[in-house]
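See structure below.
We did not get these values from a lab; they are worked out from the coordinates using the rules stated. Note that the structure is predicted; figures quoted are calculated from it, not measured. Here the Cβ positions follow ideal geometry from the backbone for every residue, glycine too, while neighbour counts run over all protein chains shown.
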Amino acid sequence: MPRKNNPLIPSPALRERGDRSRRRAVGEGPTVDSAQPPSPGSLSSPPSPAVRERVEGEPIRCGYVALIGAPNAGKSTLLNQLVGKKLAIVTPKVQTTRSRLLGITILGSAQLVFVDTPGIFAPRRRLDRAMVAAAWAGMADADQTVLLVDAARPTNPDTRHIIDRLAASKRHAILALNKIDLVRRDRLLGVADALFRAGCFEHVFMISGLTGDGVDDLKQHLAAVAPPGPWLFPEDQLSDAPERWLAAEVTREQVFLQLHDELPYSAAVETEAWEERADGSARIDQVIYVRRPGQRAIVLGDKGARIKAIGARARAELERMLERRVHLFLFVKVRDNWIEDPERYAALGLDYNV
Ligand SMILES: Nc1nc2c(ncn2[C@@H]2O[C@H](COP(=O)(O)OP(=O)(O)OP(=O)(O)O)[C@@H](O)[C@H]2O)c(=O)[nH]1
Ligand SMILES: [Mg+2]
C-alpha cells in the first residue's frame with residue numbers, strides 16, 4: 001500500500017500505528033484525517049511471544065500516566081526525556097501544546113504510556129477551552145497523574161487552580177517539581193512542602209526535564225506502581241500520533257520560535273500531502289493557516305525570507321525525526337475563521353463543542 005496521504009501506515013522511524021482502537025485514556029488523540037477508519041488491533045490483543053519472554057517471572061504491567069500542569073511547566077520536555085526521543089514540540093512560549101500526545105516507553109516489565117497535555121489555564125477563546133478540556137480529559141482515565149510545577153514559579157495562579165481542582169476531585173497525584181536546575185537546592189524543600197500541604201499528593205519528585213536530573217527515579221516509581229496488565233502497544237512503538245501530524249507540529253514549533261506576539265496563536269499547520277519517493281526521500285506539503293492577510297505577509301517575510309527560514313529549520317528537524325531526506329513545501333493561507341472551524345478542531349484532535 002502506498003504511504004502517500006495515509007497517516008496510519010507504520011513509520012520505520014517511529015513505528016507509529018495510529019491505532020485508535022487502543023487509545024484508552026486519551027480518547028481520540030491528534031489525527032490529521034478524521035475520516036480514516038480505525039486500523040485493526042484491539043485492547044485485548046495478547047502480548048507477543050517476545051513480550052512474554054522478556055518479562056518472565058515478573059508481572060507484566062502497563063500504566064497510563066498523564067502529565068498535567070500550567071502552560072510552560074515543562075510537560076512536553078519531560079515527555080521527550082521520559083521516552084528518549086523528541087516527539088513533542090517545546091518552545092519558551094506558553095500554550096505551545098494544543099492537543100494530547102502519547103509517548104510510550106518500556107521499563108523492565110512495565111510499559112508506560114505518557115500523555116502529554118496542553119497547559120491548563122483560564123480559557124478565553126474557543127481554542128483555549130478545547131485545549132484545556134483536552135488536558136483534563138487526558139487525566140480522566142489515567143492510572144497516575146503527574147502534576148508538573150515550575151519550581152521557579154510555584155505560585156502561578158494556574159497551578160493553584162489545578163491543585164484546587166485535584167483536591168476537590170479527591171484524585172491523588174504525584175507532584176513533580178520541575179526545572180530544579182534553575183532553583184537553589186535549599187529553597188526546593190520549602191516550595192515542595194508548601195505545595196504538598198494541599199493534601200492531594202502521594203509523592204513528590206524533584207526533577208529537571210531538561211537535564212534529566214531525577215527523571216529516572218520518577219520513571220522507576222511509575223513503573224513500580226503501574227497496574228498489572230498486558231502491554232497495550234507493540235514494544236517498539238513510541239507514539240500514537242500519525243507521522244503527518246507530528247510533521248505538522250515540527251513546522252508549528254518553528255512558527256512559535258520564529259514569530260512573535262499573537263501570530264503563533266493565530267496560526268495552525270496541517271500536512272496536506274506526503275509522497276514517498278523512489279530515492280527514499282519524502283516530499284511533504286504543508287499549509288500554515290493564519291487569520292489575516294497582514295499575518296500572511298509577516299509569515300512570508302521580506303522577499304520570502306521568513307518562510308524560507310521556517311522551512312529550512314523545519315526540514316532539518318524532519319530529516320532528523322524521519323531519518324531520511326525530506327523535501328518540504330510550505331504554503332501560507334489566510335483563513336480568517338480557522339479558529340472557529342469545526343474541521344480544524346477535528347484535525348487538531350480537539351473537541352469543538354466544549
Ligand atoms: N531550565 C529548565 N527549563 C526547562 C525545563 N523543562 C522545560 N524547560 C523549558 O521551559 C519551556 C517550556 O517547556 P515545555 O516543555 O514546552 O513546557 P509545556 O509545559 O509543555 O508548555 P505548554 O505546552 O505551553 O503547556 C521551554 O523553554 C523549555 O526548554 C527544565 O527542567 N529546566
Ligand atoms: Mg507542551
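For the listed residue pairs K86/K219; K85/K170; K179/K303; K93/K333; K85/K179; K75/K170, the alpha carbons are over 29 angstrom apart in K85/K170; K179/K303.
Within segment 238-329, DSSP assigns beta bridges of which about 65% are antiparallel (rounded to the nearest 5). Radius of gyration over Kirkwood radius for segment 120-253, both on Cα atoms: the Rg/Rh ratio is 0.98. Straight-line cross-link partners of K308 among the aspartates and glutamates, defined as a Cα under 19 Å from its Cα and at least 8 positions apart when in the same chain: E249, E253, E270, E272, D285, E317, E319.
Extension gain, S169 to R320: 0.36 nm times the residue separation minus the Cα-Cα distance gives 50.2 nm. Computed over segment 169-209, relative contact order equals 65 percent, with contacts defined as Cα pairs under 8 Å that lie 6+ residues apart.
Take every pair of alpha-carbon atoms less than 8 Å apart whose residues are at least six positions apart; their mean separation over the length of segment 143-294 yields a relative contact order of 16 percent. Relative contact order, whole percent, for segment 241-348 stands at 29, derived from Cα pairs under 8 Å and 6 or more residues apart. Dipole magnitude for segment 258-354: computed about the Cα centre from +1 point charges on Lys and Arg Cβ and -1 point charges on Asp and Glu Cβ, it is near 500 debye.
Write down the Å³ per residue value for the convex hull defined by the alpha carbon atoms of segment 202-288.
Working: hull volume 17.8 nm³, N = 87.
That works out to 205 Å³ per residue.
The alpha-carbon atoms of segment 241-348, seen along their principal axes, cover 39, 33, 19 angstrom, with the largest extent given first. Report, in whole Å, the centroid distance computed from the Cα atoms of segment 193-268 and segment 79-98. Here the answer is 6 Å between Cα centres.
Each residue, E343 and E275, gets one label point 7 Å from its Cα in the Cβ direction; the gap between the two is 2.2 nm. Using the Cβ-Cβ distance between R185 and H260 with R0 = 25 Å, the FRET efficiency computed as 1/(1 + (r/R0)^6) comes to roughly 0.15.
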